Structures are given as structure tokens and as C-alpha cells.
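The values are calculated or read from the model by the stated rules, or taken from the named source; none is laboratory data. Please read these numbers as outputs of a predicted model, since none were measured by experiment. Here the Cβ positions follow ideal geometry from the backbone for every residue, glycine too, while neighbour counts run over all protein chains shown.
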Amino acid sequence: MRTIESVHDQGRGVQVKTDDPSIPAGIDLPAVSRWIAESVDRAEPPFRFSVISGGRSNLTFRVEDANGYMMAMRRPPLGRVLESAHDMGREFRVISAIGQTEVPVPEALALCTDHSVNGADFYLMAFIEGLVPHDASAGAAIPQTERQPLSQDAVKVLADLHSVDPDEVGLGDLGRRDDYVGR
């Protein structure tokens, strides 16, 4: 049996399926749907969530709204985790800061630090369609003629990222600046 809940937040009706087995683990659908409807102006409920695989730690979900607008949601893994190793606020802050530069990153949309919404901090960013070559088989799927230009672009983006002055983008307080090799 499916249960449909109608929730009205700020005049926007949010309909969610509360017992649907297709809802990925790590998503409190009613609460997260309400939060997205309140926090992302262009997002229209209902929302569909699907897991983006290939990650090694934090969970990443594709979120699609009623109009086909795509977002990506990141949250820590389920269960007990070392909070400093899965700091969603820090990720959101870095993406927001780097987004002010020429380095291509998705637009940071909203950060939720209220654990009553989904049990942990999480954030939304714009969804960028593309291939993530997380293993040799994914890389092999890239046509030979595209590999060199993509590799050159990756090196350029890494160089651009390393040229960002953390102090200039408001990230000067992150990390230690002493001798890494010496530590």
C-alpha cells in the first residue's frame, strides 16, 4: 500500500510517497522534499531521488523535480562516521568559494545543517551531466579522439584550481600551511 502525504509549505504543495521501496536509503523523502521546496526557489515538487554510484565515501544522489530540473545532493554515509571526514558544510563552502573563480564547479544551491530533516548535514548543487571515469572501463568508454583533449582540459582545470589563492576566496582558514612533507 502506498501512502501519499500532502504537505503545504509556504503555499507550495509537496506530494511525497512515504513507503515507496524505490526511495534510496539515506533520504527522508517527506522532510527532504519539504526542505528543498523551501530552500531552492526554482525547484518544484514532487522530487525523485536516485543514487549516483561510483563514489567511495559520501553518498551522492540525483534529484529531479517536477519540471525536470536536475540537482545533485550529497550527504555523509549511513551509520556512524567521523564527522570531520564527512563535513558537508566544508564541501559546500569550498564549492561556493571556488564557484566565484574561473574554475568550473557546479553551482552550490543550498546547505541543510538541521539534522531533524535528514539525520545529517547535506547540501544541493546543480547537476552537471557527464561521465565520471572512476575506473579503467569507464575511461575506456571515452573515444580515442577525445582522450587527449579531455586530459589537457583536466590538467588546465587542476592548474587553475591550484592558482586560486585561498585567502582571496575566503578559504584561508582551511587546512594547515606548514611543511606538509615535514609533518
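Quick check on L29: is it of a type in the set (A, V, I, L, M), surrounded by 13 or more Cβ atoms within 10 Å (Cβ to Cβ), under 21 Å from S116 (Cα atoms) and touching a strand residue (DSSP E or B) at 6+ places or on another chain (Cβ under 8 Å)? Taking the combined requirement at face value, the residue satisfies it.
Suppose we keep only residues that are β-branched (V, I, T) and modelled with pLDDT under 95 within region 129-156. Which one would you say is surrounded by the fewest Cβ atoms within 10 Å (Cβ to Cβ)? Spell out how you get there, then give the answer.
As a first pass, look at region 129-156 and keep what is β-branched (V, I, T): 132, 142, 145, 155.
Subset that is modelled with pLDDT under 95: 132, 142.
Numbers: V132: 11, I142: 13.
Across region 129-156, the extreme among qualifying residues is V132.
Let's see how each residue does on (1) buried (at least 18 other Cβ atoms within 10 Å of the Cβ); (2) hydrophobic (A, V, I, L, M, F, W, C); (3) within 24 Å of V157 (Cα to Cα):
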| residue | (1), (2), (3) |
| --- | --- |
| D41 | no, no, no |
| F47 | yes, yes, no |
| S50 | no, no, no |
| S53 | no, no, yes |
| L82 | no, yes, no |
| A85 | no, yes, no |
| L109 | yes, yes, yes |
| T113 | no, no, no |
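Can you name the condition, by its number, that Q152 falls short on among (1) in a helix (DSSP H, G or I); (2) touching a residue at least 24 places away in the same chain (Cβ under 8 Å); (3) over 15 Å from the mean Cα position of the chain (by Cα)? Q152 satisfies all of (1) in a helix (DSSP H, G or I); (2) touching a residue at least 24 places away in the same chain (Cβ under 8 Å); (3) over 15 Å from the mean Cα position of the chain (by Cα) except (2).
Before we move on, is V164 at pLDDT 95 or above, in a helix (DSSP H, G or I), surrounded by 12 or more Cβ atoms within 10 Å (Cβ to Cβ) and more than 17 Å from the chain's Cα centre (by Cα)? If you could, list the steps in order and put the result at the bottom.
Details: at pLDDT 95 or above: yes; in a helix (DSSP H, G or I): no; surrounded by 12 or more Cβ atoms within 10 Å (Cβ to Cβ): yes; more than 17 Å from the chain's Cα centre (by Cα): yes.
Considered against the rule, which asks whether it is at pLDDT 95 or above, in a helix (DSSP H, G or I), surrounded by 12 or more Cβ atoms within 10 Å (Cβ to Cβ) and more than 17 Å from the chain's Cα centre (by Cα), V164 comes out as no.
Residues that are touching a Lys or Arg at 6+ places or on another chain (Cβ under 9 Å) and of a type in the set (S, T, Y) do occur in region 44-59. Does region 72-90 contain at least one residue that is in contact (Cβ under 8 Å) with a residue 60 or more places away in the chain, in contact with a strand residue (DSSP E or B) (Cβ under 7 Å, 6 or more places away or on another chain), more than 30 Å from G139 (Cβ to Cβ) and of a type outside the set (S, T, N, Q)? No, every residue in region 72-90 fails to be in contact (Cβ under 8 Å) with a residue 60 or more places away in the chain, in contact with a strand residue (DSSP E or B) (Cβ under 7 Å, 6 or more places away or on another chain), more than 30 Å from G139 (Cβ to Cβ) and of a type outside the set (S, T, N, Q). Determine, yes or no, whether A159 is at pLDDT below 95 and either surrounded by 11 or more Cβ atoms within 10 Å (Cβ to Cβ) or assigned to a helix (DSSP H, G or I) (or both). Answer is no for this residue. Checking each residue in region 167-183 for being among the small types (G, A, S), within 24 Å of the chain's Cα centre (by Cα) and surrounded by fewer than 11 Cβ atoms within 10 Å (Cβ to Cβ) picks out only G175.
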